[in-house]
Amino acid sequence: MKILCNLSMALALSVATNQALAADFSDPTWPCIQRKVERLSVGLMWPDPKPEITLTDSQESAVKELAAALSLQRVDMETAGQMVTAFAQTHGAERDLMQAVFTQVFDTVGKRRTRIINGIGNVSTGQIKLAERIDETRSEMDRLMDQPEPDYDRVDALEEQLDWDDRIYRERQQSVTYLCESPVLLEKRLFALANLLQNAAL
């Protein structure tokens, strides 16, 4: 059963990764080469999830604690595996219990991913407006230089503004490239954690 789960997870991850690498041209404000996927599906990562799981008070507290730890990106997968093993030894490794952990992890990481996607959109909108201002500045400079007696003071001021705007634009583009990778990394982490918890389940 675990081998089948591993194969299923590997296939799902491959499909999701290929989708993420396909540029999304349906949203002109989306700057990433990765396709924009606003919401993830828990069913793609955890097959046949149960809609409701009843936990005891002690189980609920332990599940929250483990889920909070697994949701942290600084917790590497080796450490995550050790945490899951310790959890299973203390509280049991029933599939429903492991699903409860993953459901909370999925909710936390999914919300973080959504905030990042919204942030990327905001940065992109700002970049579009800045690019338009840069084009307008260049056009005004060209018009002034075409005059018989150009206003060189105004040209100098526009050139200074253009240099500043261009520098800001290039610096933001570098941050956008980094931000674009973040949703995909979070998605991969969710797949890895789902696989880890399913393998630990009885």
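The values are calculated or read from the model by the stated rules, or taken from the named source; none is laboratory data. If you're wondering where the values come from, they're calculated on a predicted model, not measured in any experiment. Cβ atoms come from the backbone with ideal geometry, glycine included; neighbour counts cover every protein chain shown. Quick note on the areas: whole protein, heavy atoms, side chains included, nothing else; ligands and nucleic acids left out. Shrake-Rupley method; radii C 1.70, N 1.55, O 1.52, S 1.80 Å.
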* **At R0 = 30 Å, FRET efficiency that the Cβ-Cβ distance of GLU65 and LYS188 yields, to 0.05** => 0.80
* When all alpha-carbon pairs of region 26-74 are counted, what percent fall beyond 17 Å? -> 65 percent
* Asked: In nanometres, what is the gap between the two model label sites at ARG112 and THR29, each 7 Å from Cα along Cα-to-Cβ?
  -> 2.5 nm
* To do: Eight or more residues apart or on different chains, and alpha-carbon atoms under 17 Å: count the Lys pairs in the chain matching that.
  => 4
* Structure fact -> Matching label for the computed Rg/Rh (Cα atoms, Kirkwood Rh), out of (1) 1.22; (2) 1.03; (3) 0.94, is (1)
* Asked: Where the eigenvalues come from the Cα gyration tensor of region 94-141, what are the semi-axes √(5λ) of the equivalent ellipsoid, largest first, in whole Å?
  -> 46, 5, 4
* Asked: How high is the FRET efficiency between GLN89 and GLN174 when r is their beta carbon distance and R₀ equals 30 Å, given to the nearest 0.05?
  -> 0.10
* Structure fact -> Mean accessible area per residue over the chain (1.4 angstrom probe, all protein chains present, square angstrom) is 61 Å²
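Send over the semi-axes of region 134-202's equivalent ellipsoid, whole angstrom and largest first, taken as the square roots of 5 times the C-alpha gyration tensor eigenvalues.
So the equivalent ellipsoid measures 54, 9, 4 Å along its semi-axes.
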* Please report, as a whole percent, how much of the solvent-accessible surface of the chain comes from carbon and sulfur atoms (probe radius 1.4 Å). => 53 percent
* Asked: How far, in degrees from 0 to 90, does helix 77-91 lean away from the longest principal axis of the Cα atoms of the chain, to the nearest 10?
  -> 30 degrees
* Structure fact -> What the Cα atoms of region 54-104 span along the principal axes, largest first and in whole Å, is 29, 19, 16
